[in-house]
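The next block holds one structure in the form of structure tokens; read it before the comments.
Please treat every number below as a calculation from the coordinates, not as lab data. What you see is a predicted model; the values in this text were computed from it and never measured. A quick note on method: Cβ atoms are made from the backbone with ideal geometry, for glycine too, and the neighbour counts reach across all protein chains shown.
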Amino acid sequence: MIRLHDKYFKPYIQAGQIQEAVQRMVDEVKADFENEVPIFVCVLNGAFMFASDFLKAYDQPCEVSFVKLSSYHGFSSTGIVKTLLDIPQEVEGRSVVILEDIIDTGRTVKELVSMFSSINVKRFKIAAMFYKPDVYSGEYNIDYVGIKIPNRFIVGYGLDYDELGRNLPEVYQLNEKKMINLVLFGKPGAGKGTQANFLKEKYNLKHISTGDVFRYNMKNGTELGKLAKTFIDNGELVPDQVTIDMLNAEVEKFPEANGFIFDGFPRTDAQAKSLDALMDSKGMQIDATIALEADDEVLIQRLLERGKVSGRSDDQDESKIRNRFEEYNEKTAPLLAYYEEQSKLHNVNGIGSIEVITERLSNVIDSLYKEQDA
Ligand code: 5GP
């Protein structure tokens, strides 16, 4: 996920797929212009990257020229197409192939056709790297098409969102829904796992339980798992950076998620800052921290019940449970302050039926979405 200005974009078409499509177009064009020296006319600005890749792959004699039009502002075509750089004179009597970045409604194509209609060219063909058949007017035939896409706003590979994103070597699409990333806090027994399960379904969030992530990496012997193991085997604490790298790998596995629920991390102030830095590097942020609150005595009863069923020894011994609570109070309190300072802390009453608590948590998340829409 990347951020350009105020919007988020997610990966859509990989560089490899684009290169394959470019090569295919080159082959088609070459076959059609075997005994000719065509003039390729690159439509600026968006087509510069496509034209560059296309021309590098076009290993036959050819000439290159440029025109510049402007029409698009933000997400929707304004319909005004201005000529900023006109057709060069030398196209007279020659075969012209237009290199367009993307064909959307077709207004730009229409303008190009009318620009060239006053000149006597031998052949006139249009090549578009990306093409939106659902929106295109269909007025003119598009001779060579790279990749057909549905009616989505894309950036990268020359295409911009208000001038940003043109340099990206792959294509991203607008993420309509902004991400919501949460940190979930709560004492043992507060119902974090249970609630995270409901929330991830309801909001298409990915639950990242740090404990699970550790177990996964160690069990599967990933590089990070092996690294973590060397510390654990020496009786040392795993450095935060290793954990952060694991979380990073986890976040990258789910580009389609609408957000993440972090559980079990951060546990210290330093970790909270590293998590913020990780989020920032991905154009994301922690939007809210939810602390599921419940009275110690209620939680103890819950845990003792759970211990009877699960057989977990640490859930069966009241003094051990109280120790865990104390540890939580000591370590988590400063963290809650860290998030409170940023007005991101939401305390949620964790006493009640599972459904009622889910409802309370949903209210918090819904309010985050409302804030974003405002
Ligand atoms: P048309 O004139 O066919 O409606 O739109 C063509 C022009 O609009 C393109 O040259 C490009 O500048 C812009 N455009 C159309 N669709 C998109 C899109 O999905 N993303 C970006 N960044 N620009 C687009």
| request: Please determine, in degrees from 0 to 90 and to the nearest 10, the orientation of helix 107-117 with respect to the longest principal axis defined by the Cα atoms of the chain, where the helix direction is its Cα long axis. | output: 20 degrees
| request: Rank the residues Y144, Y328 as a footprinting-exposure proxy: fewest other Cβ atoms within 10 Å of their Cβ go first. | output: Y328, Y144
| request: State the Kirkwood hydrodynamic radius of the chain in Å, one decimal place, computed from all pairs of distinct Cα atoms. | output: 24.6 Å
| field | Relative contact order (percent, whole number), segment 182-373, Cα cutoff 8 Å, 6+ residue spacing | value | 29 percent
| Computed [θ] at 222 nm, deg cm²/dmol, the chain (DSSP H ≥ 4; -39,500 (n - 2.57); rounded to nearest 500) | -13500 deg cm²/dmol
| remark: Toy charge model, Lys and Arg Cβ at +1, Asp and Glu Cβ at -1: segment 2-174 dipole around Cα centroid in debye, rounded to 20, equals 420 debye
| So what is the relative contact order of segment 134-270, in percent, for Cα pairs below 8 Å that sit 6 or more residues apart? | 26 percent
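With a 10 Å radius around each residue's Cβ, average the other Cβ atoms per peptide and rank 18-28, 311-321, 100-110, 361-371, highest first.
100-110, 18-28, 361-371, 311-321
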| note | Of segment 319-346, those with amide N under 18 Å from the point 7 Å along the Cα→Cβ vector of N363 are 344-346
| message | Between N248 and D162, how high is the FRET efficiency from 1/(1 + (r/R0)^6) when r is the Cβ-Cβ distance and R₀ = 45 Å? Nearest 0.05. | response | 0.95
| note | Once the dipole of the chain is set up from charges on Cβ (+1 Lys and Arg, -1 Asp and Glu), the residue from the list L159, Q241, H207 lying farthest towards its positive end is H207
| note | Contour minus Cα-Cα span, L227 to E256, at 0.36 nm per residue, comes to 7.6 nm
| request: Sort the following peptides by mean Cβ neighbour count (other Cβ atoms within 10 Å, averaged over residues), highest first: 283-289, 9-15. | output: 283-289, 9-15
| Which pairs, out of K7/K68; K226/K344; K56/K125, put more than 29 Å between their alpha-carbon atoms? | K226/K344
| remark: If one builds a Gaussian network model of the chain from Cα atoms under 10 Å apart, the most fluctuating residue listed among Q173, Q301, Q271 is Q301
| message | What lysines does K331 reach when the alpha-carbon gap must be under 16 Å and sequence neighbours fewer than 8 apart in one chain are set aside? | response | K187, K273
| field | the chain: relative contact order in percent, alpha carbon pairs under 8 Å with at least 6 residues between | value | 16 percent
| Roughly what angle does helix 15-32 make with the longest principal axis of the chain, taking Cα atoms, 0 to 90 degrees, to the nearest 10? | 10 degrees
| request: Calculate how steeply helix 354-373 sits against the longest principal axis of the alpha-carbon atoms of the chain, using the helix alpha-carbon long axis, and give the answer as 0 to 90 degrees to the nearest 10. | output: 40 degrees
| task | Please give the FRET efficiency for N151 paired with N35, using the beta carbon to beta carbon distance and R0 = 30 Å, rounded to the nearest 0.05. | result | 0.15
| query | Just how large is the dipole of the chain about the Cα centre, in debye to the nearest 20, putting +1 at every Lys and Arg Cβ and -1 at every Asp and Glu Cβ? | reply | 460 debye
| Backbone N within segment 97-112 under 20 Å of label point (7 Å from R24 Cα along the Cβ vector) | 98-104
| query | With +1 on each Lys and Arg Cβ and -1 on each Asp and Glu Cβ, how big is the dipole of segment 182-373 about its Cα centre, in debye rounded to the nearest 20? | reply | 540 debye
